[in-house]
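The next block holds one structure in the form of structure tokens; read it before the comments.
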Amino acid sequence: MSINEQFNQNLYLVDLLKPLNYEPIRAGFGRGLKKAGLINNNVVAACADLTESTQMNLFKEQFPERFFEIGVAEQNLVTLGSGLAALNKIPFVSSYAAFSPGRNWEQIRTTICLNDRPVKIVGSHAGVSVGPDGATHQMLEDIALMRVLPNMKVFAPADSVEAEKITLAMSSDPKPNYIRLAREKTAIITTEKTPFQIGQGYILTKGGDISLMATGTMSAQALLASELLYKEGIDAEVVHLPTIKPLDEQTILKSAMKTRKVITIEEAQVNGGFGSAVAEVLSENYPVRMKRLGIYDRFGESGSPDQLIKFFKLDSQGIKEQVLSFLKSF
Amino acid sequence: MTKYSIEQLELIATRIREDIIDMLLHAGSGHSAGPLGLADIFTVLYFDILNHDPKNPDWEERDILLLSNGHCVPVRYAAMAEAGYFKKEELKTLRQFGSRLQGHPERLRLPGLENTSGPLGCGLSQAAGMALGLRLNKMNGRRIYVVMGDGEIDEGNIWEAAMLIPKYKLNSITAILDRNNIQIDGPTEEVMPLEELRRKWESFNWHVIEIDGNNIEAIIDALNMAQTIVEKPVIIIAHTIPGKGVDFMEKDFRWHGIPPNSEQAKLALKELRTLGGKIKSEHQ
């Protein structure tokens, strides 16, 4: 049976058995921001000296008067955003995730979240797949930092196509938002027709043996891992959760009730991150055996993105192995 | 807006000081020195300079006043009550459970506040964002005032904004720096030397006006002059006396972060009630 037959037809995913296309997730953000700017005059953007690498240049070229270069000053970046939002603007403020929200968390907390201003924080180059830049630039703690803040919504798109949709959705959401982007080219698994709604999780492929719940760059890897597992006789259900906060508890619980075994996968610290968020939902509502895949209380290091993803066992092969050893453990 | 005479404004400033002492006594915690030192500046802002409407705090043409050093908010609450934003009785709820008058100001709780502050160093950046917003919205008549503390400018965030504001020529902003020379751990020049302050701001491309921040007339003049200077953003370095009006609090950094007890409050109020004459004589 073709792997594609198991897929949720309603989601219009790409054909996984054909060669996949790759594109950095941040490219989709850049397109989405420009679109949002065309739809809504109040959308503005500011960047901390990383305009091209966070892909804000598309917006800047289209709307030079609505783009502000802040320089290497991430505290100013987000706080200025809260001021713009006070005048009915919808500011997207971008940098690398290691610096924003890495350096300016308190300003985000006080002037954006407690002050409840709809600033859109764009953290690019998250995860170990940043590669050669090394640990300083490989942000792994951003999910934990952002999801703990009241009023804040947190997104991690699976691919560039979804990033574009999330960016548009953010531009009409009245709350503070954080979106996590990756540097490296990531497999495109969704299409224009694939739905996205804030707070909605999606069952990418149905299965009864185990639930693989993934976010961001790991959703494509989870999908590929499910194919490898299928060949080993394991019928995995892949749940993609592009909104980390608010989490789609219903979809998580429904899948867990079916499979009674859950693996979470994220390119981030498991402590306090996405896996922790899923664990909170399960332990309070329907405890099942679970394991969180991701980075375990350590920093990344230099290397090629592929090397690092393999080293941390977050490629499809690594995920498959970790799932198999989890299943053998009880 | 009613124009008040200097004498009337001085009386208002004294009432604001009395209210600050009362509020802090009831609250049992809070900052004394900063708010007392800022009373004259807040009097001038609320009763002479700001284009505002206490009955319609969200009025779309209002000027924006940002208090960056949120711990000085008792002076803002007292000035707002005096201006009619809310009844004076409410001042006694400062820092109490359920009060709209939070220990540090929260915009969402009290109409008329423009920002949520307390963690220091953010006001100038917020002013910058708002000034860009005003420009994009073509709201050219509105002005932004941001009050900062001197200890506060230890924060790097302030200097990030200080660089950006001249870059974008955001001359709708007037910054007011409360130069009272104290912070929690002691005199500013011991904790973290700030001088030469004027040259620092000038080198960041700001126009600097230095005044006696407890002189009502000087404050009015400086704020009016600031509106006429369009080449550069303006910062008014206002030299104030921390604890101004209460002899035993004046210039003593230990009063930065504590309220008076009831005996001290009685003494303070007694002094303040005779202050009207005192200020006058100083100016004569």
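Would you tell me the mean number of C-beta atoms belonging to other protein chains that fall within 10 Å of each C-beta in A:82-93, as a whole number?
Across A:82-93, the average partner-chain Cβ count within 10 Å equals 6.
Roughly how many Å² of B:ASP40 are accessible to a 1.4 Å probe, to the nearest 10?
Number for this one is 0 Å².
Can you give the accessible area of B:ASP19 in Å² (nearest 10), computed on protein heavy atoms with a 1.4 Å probe?
Number for this one is 20 Å².
Have a look at the DSSP beta bridges in the protein assembly as shown and tell me what percent are antiparallel, nearest 5.
Just about 15 percent of them are antiparallel.
Once you order the gyration tensor axes a ≥ b ≥ c over the Cα atoms, which shape class does the stretch B:141-257 get: rounded for a/c under 1.5, otherwise prolate or oblate by comparing a/b with b/c?
Taking the square roots of the gyration eigenvalues as a ≥ b ≥ c, the stretch B:141-257 is oblate.
Enter the mean number of other protein chain beta carbons within 10 Å of the beta carbon of each residue in A:109-115, as an integer.
For this peptide, the per-residue mean of nearby foreign Cβ atoms is 6.
For the stretch A:54-115 and the stretch A:124-169, write down the distance between their C-alpha centroids in whole Å.
Centre-to-centre distance over Cα atoms comes out at 15 Å.
Given the convex hull over the Cα atoms of the stretch B:168-234, what projected area results after averaging over all orientations, in nm²?
5.2
Among A:GLU237, A:GLU227, A:GLU65, which one shows the highest mean-square fluctuation when chain A is modelled as a Gaussian network with alpha-carbon springs under 10 Å?
Fluctuation is largest for A:GLU65.
Order B:TYR77, A:TYR230, A:TYR96 by their accessible area, 1.4 angstrom probe, all chains in place, largest first.
The residues order as A:TYR230, A:TYR96, B:TYR77, largest area first.
Which residues, if any, in the stretch B:134-176 lose at least 40 square angstrom of accessible heavy-atom surface (probe 1.4 Å) when the other protein chains sit next to their chain rather than the chain being alone?
B:LEU136, B:ASN137, B:ASN157, B:GLU160, B:LEU164, B:TYR168
With a/c under 1.5 counting as rounded, go ahead and sort chain A into rounded, prolate or oblate using the C-alpha gyration tensor (a ≥ b ≥ c being the square roots of the eigenvalues; past the cut-off, prolate if a/b is larger than b/c, else oblate).
Note, shape of chain A comes out prolate.
Pull up all non-local amide H partners of A:LEU293: gap of 5 or more, or a different chain, and H-to-H distance under 5 Å with H placed in the peptide plane.
A:THR264, A:ILE265, A:GLU266
Setting aside same-chain residues fewer than 8 positions from A:LYS261, which lysines have a Cα under 28 Å from its Cα?
Within the straight-line limit of under 28 Å, A:LYS261 reaches these lysines: A:LYS153, A:LYS206, A:LYS231, A:LYS245, A:LYS291, A:LYS310, A:LYS313, A:LYS320, A:LYS328.
Please give the solvent-accessible surface of B:TRP59 in Å², to the nearest 10, using a probe radius of 1.4 Å with every protein chain present.
The accessible area of B:TRP59 comes to roughly 70 Å².
Over the stretch A:22-187, what is the relative contact order in whole percent, taking alpha-carbon pairs under 8 Å and six or more residues apart?
That works out to 30 percent.
So what is the 222 nm mean residue ellipticity for the protein assembly as shown from helices alone, if each DSSP H run of at least 4 adds -39500 (n - 2.57) and you divide by all residues, rounding to the nearest 500 deg cm²/dmol?
Here the helix-only value at 222 nm equals -11000 deg cm²/dmol.
Please tell me the relative contact order of chain A in percent, rounded to the nearest whole number, where contacts are Cα pairs under 8 Å and at least six residues apart.
After rounding, I find 18 percent.
Using DSSP, restrict attention to beta bridges with both residues in the stretch B:6-283 and report what percent are antiparallel, rounded to the nearest 5.
Roughly 10 percent of the beta bridges in the stretch B:6-283 run antiparallel, per DSSP.
On a C-alpha basis, how far is the centre of the stretch B:37-115 from the centre of the stretch A:176-207 in Å? Whole number, if you could?
Comparing the Cα centres of the stretch B:37-115 and the stretch A:176-207, I get a distance of 45 Å.
Per residue of B:113-126, how many C-beta atoms from partner chains lie within 10 Å of its own C-beta, taken as a mean?
That works out to 6 on average.
If I compute solvent accessible area with a 1.4 Å probe over the protein chains, what percent of it on chain B is carbon and sulfur?
On chain B, the fraction of accessible area on carbon and sulfur atoms equals 51 percent.
Could you state how much accessible area is buried at the A-B interface, both sides summed, with a 1.4 Å probe, in Å² to the nearest 100?
Roughly 2100 Å².
Pull up all non-local amide H partners of A:GLU237: gap of 5 or more, or a different chain, and H-to-H distance under 5 Å with H placed in the peptide plane.
Result for A:GLU237 returns A:GLY207, A:ASP209, A:ILE210, A:SER211, A:LEU212.
Determine the alpha carbon to alpha carbon distance for each of A:LYS18/A:LYS185; B:LYS55/B:LYS270; A:LYS185/A:LYS258 and list only those over 22 Å.
B:LYS55/B:LYS270; A:LYS185/A:LYS258
If you roll a 1.4 Å probe over the stretch A:22-187 with all protein chains in place, what percent of the accessible area is carbon or sulfur?
The nonpolar share, carbon plus sulfur, comes to 50 percent.
Within straight cross-link reach of A:LYS193, meaning Cα distance under 16 Å, which lysines are found once same-chain residues fewer than 8 apart are removed?
Cross-link targets: A:LYS165.
Membrane-span-like helices in chain A: DSSP H runs reaching 27 Å or more (Cα, own axis), mean Kyte hydropathy at least 1.0?
What comes out of the filter, once short or polar helices are dropped, is none.
Jot down the per residue volume, in cubic angstrom and as a whole number, of the convex hull over the alpha-carbon atoms of the protein assembly as shown.
Output value, Cα hull per residue: 159 Å³.
What list of ³J(HN,Hα) couplings, whole Hz, do you get for the stretch B:88-98 from phi and the Karplus terms 6.51, -1.76, 1.60, once you set θ to phi - 60° and write x for glycine and proline?
The phi angles translate into 4, 3, 5, 4, 5, 8, 3, 6, 9, 4, x Hz.
Taking the Kirkwood radius as the inverse of the mean 1/r across Cα pairs, report the Rg/Rh of the stretch B:133-180.
1.02
Please label the shape of chain B as rounded, prolate or oblate, based on the square roots a ≥ b ≥ c of the eigenvalues of the alpha-carbon gyration tensor (a/c under 1.5 means rounded; beyond that, a/b larger than b/c means prolate, else oblate).
rounded
Holding the Cα-Cα limit at 20 Å, pick out from A:LYS34/A:LYS120; B:LYS87/B:LYS266; B:LYS87/B:LYS244 the pairs that are longer than that.
The pairs that break the limit, which is 20 Å between Cα atoms, are B:LYS87/B:LYS266; B:LYS87/B:LYS244.
Per q in 0.16 Å⁻¹, report the Debye log10 I(q)/I(0) for the stretch A:22-187, using one uniform scatterer on each alpha carbon and no solvent.
These q points yield log10 I(q)/I(0) values of -0.79.
Peptides B:97-103, A:89-95: what's the order by average Cβ count within 10 Å, highest mean first?
Peptide ranking by packing, descending: A:89-95, B:97-103.
In square angstrom, what is the accessible area per residue of the stretch B:6-283 with a 1.4 angstrom probe?
39
Counting only residues 5 or more places away or on other chains, whose amide H sits under 5 Å from the amide H of A:ILE244 once H atoms are built in the peptide plane?
Close amide H contacts, sequence-distant or interchain: A:VAL154, A:PHE155, A:ALA156.
Taking only C-alpha pairs under 8 Å that are 6+ residues apart, what is the relative contact order of chain B in percent?
In percent, rounded to a whole number, it is 24.
The values are calculated or read from the model by the stated rules, or taken from the named source; none is laboratory data. The shown structure was predicted, so the numbers you read here are calculated from the model rather than taken from an experiment. In this analysis, Cβ positions are derived from the backbone assuming ideal geometry, glycine residues included, and neighbour counts consider all displayed protein chains. These area figures cover heavy atoms from the full protein model, side chains too; ligands, DNA and RNA do not enter into them. Shrake-Rupley method; radii C 1.70, N 1.55, O 1.52, S 1.80 Å.
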